[in-house]
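See below for the structure under consideration.
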Amino acid sequence: GGGGGGGGDGGGEGFVAAAGFDGRRDGYVFKIGSAGLGYYLDGAGRPPAAGGKPAKLAAMLAAMEAEEAARKERKKRKREKKERRREKKERKKKERRRGEASEEEARGKGKRRRSSSSSESSGSEQPRR
């Protein structure tokens, strides 16, 4: 927590009076200063919105976190895509096994082909990617 201090002892807008320590406040230090006991603007004079980090560092950290989140998201999507492909492959494999047995039965029973041209019959047997 706190520590540091100095610089912002002048009271006014850099000071918030408090009877006791009320928890940490970003950009402020709790101490006894010229205006009495309370929260004083941090010695570096940073506004509370800066969160106690220089803007350049905060921006860099935010960019790194965003990059990390994006990388994890890409990895997750890639893993899901891989999983879907694997499931699809398994499904096709099962259908092919089932299809071989039922295809032979269908050929033996009612031959319902409209014409015997090779282009029509081979259309459904071409591998799909």
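Overview of values
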| read-out | value |
| --- | --- |
| The one condition in (1) surrounded by 10 or more Cβ atoms within 10 Å (Cβ to Cβ); (2) over 28 Å from the mean Cα position of the chain (by Cα); (3) modelled with pLDDT under 95 that Glu90 fails to fulfil | (3) |
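Results for (1) modelled with pLDDT of 85 or more; (2) among the acidic types (Asp, Glu); (3) touching a Phe, Trp or Tyr at 6+ places or on another chain (Cβ under 8 Å), shown as yes or no for each residue.
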{"position": "Gly10", "(1), (2), (3)": "no, no, no"}
{"position": "Phe15", "(1), (2), (3)": "yes, no, yes"}
{"position": "Pro47", "(1), (2), (3)": "no, no, no"}
{"position": "Ala50", "(1), (2), (3)": "no, no, no"}
{"position": "Met60", "(1), (2), (3)": "yes, no, no"}
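The values are calculated or read from the model by the stated rules, or taken from the named source; none is laboratory data. Note that the coordinates shown come from a computational prediction; the quantities given were computed from them, not determined experimentally. Don't worry about glycine lacking a Cβ; one is built from the backbone with ideal geometry, like all the others, and counts go over all protein chains shown.
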